[in-house]
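Asks: The following block contains the structure, expressed as structure tokens.
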Amino acid sequence: MSPRSPSVNEELRRRSRERLLQATVELVAERGYAATTLADIADRAGSARGLVSYYFPGKRQLLQSAVHRLMHMRLEEGLLREPRTEDGRQLLARAIDAILGLAVTDPVVMRTHMAGVLQAEGFVQCPEQQKLGTMLRETIASYGSTDVEADYPLLRALMMGAVFGILMPGAPMPMPRLRAELFRRYGLDWEFGVPPGGEPPGGTDQDSMLQ
């Protein structure tokens with residue numbers, strides 16, 4: 001049997017990494033972060049335990065990469081859903097809804113992720129985060145930004161702040177209210193993206209959203 005080509009080996013490594021990332025999200029959602037071990041993740045992914053350490057320096061870094069993958073997958077799904085659009089305001093609305101939606105559909109994973117980012121390990125730069133960042137930069141550029149490198153981190157901070165508000169233990173903010181704030185900030189119509197429920201908070205008047 002002839003040896004595998006470099007491209008085949010690269011694809012196998014990519015798939016192996018993807019399985020580990022997916023298994024991490026699934027297990028943390030089911031059991032919580034503390035109860036999920038690297039051995040559990042390897043077993044769920046059908047991988048050797050040593051592969052986890054080969055790809056990731058530790059469990060916290062693995063989780064951050066896994067969540068960044070989840071975020072860019074959900075973002076891509078939202079941006080490309082039918083009907084397709086190139087309208088920058090529509091795309092920004094879809095991006096906001098995709099990220100805020102994760103706080104509703106995956107609260108345990110997102111809460112754990114944000115807690116880890118605020119701890120000593122800090123923010124992990126990884127291929128998944130870079131892909132997410134590229135997609136958000138392209139979105140804010142389509143919206144009409146003339147200074148993407150300044151506007152991208154602001155958008156990221158505002159969205160993650162809204163996610164934090166939704167997930168705040170003991171004092172959560174309603175997602176529609178935070179969505180309304182972001183839509184007002186960027187001048188987006190409530191009907192853009194995927195509106196939660198019916199009318200905006202406070203009625204249909206865009207100017208009354210926060211009253």
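Every number here is computed from the coordinates shown, using simple stated rules; none is lab data. In this text, all values refer to a predicted model and were calculated from it rather than measured experimentally. Every residue, glycine as well, gets a Cβ built from its backbone with ideal geometry; the counts of neighbours run over all protein chains shown.
Asks: Scaled to the compact-protein estimate 2.2 N^0.38 Å, what is the alpha-carbon radius of gyration of the range 6-193, rounded to two decimal places?
Replies: So the Cα radius of gyration is 1.07 times the expected 2.2 N^0.38 Å.
Asks: Rounded, prolate or oblate: pick one for the range 56-164, where a ≥ b ≥ c are the square roots of the eigenvalues of its C-alpha gyration tensor, a/c under 1.5 means rounded, and failing that, prolate if a/b is larger than b/c, else oblate.
Replies: The shape class here is prolate.
Asks: Given only helices, namely DSSP H runs of n ≥ 4 each adding -39500 (n - 2.57), what is the per-residue ellipticity at 222 nm of the chain, to the nearest 500 deg cm²/dmol?
Replies: Rounded to the nearest 500, it is -22000 deg cm²/dmol.
Asks: Give me His72, His113 sorted ascending by neighbouring Cβ count inside 10 Å, so fewest comes first.
Replies: The order, fewest Cβ neighbours first, is His72, His113.
Asks: Going by average Cβ density within 10 Å per residue, which order do the peptides 169-175, 85-91 take, highest to lowest?
Replies: 85-91, 169-175
Asks: If you don't mind, another one. Mind pulling the angle between the C-alpha long axis of helix 148-167 and the longest principal axis of the chain? Nearest 10 degrees, somewhere in 0 to 90.
Replies: 90 degrees
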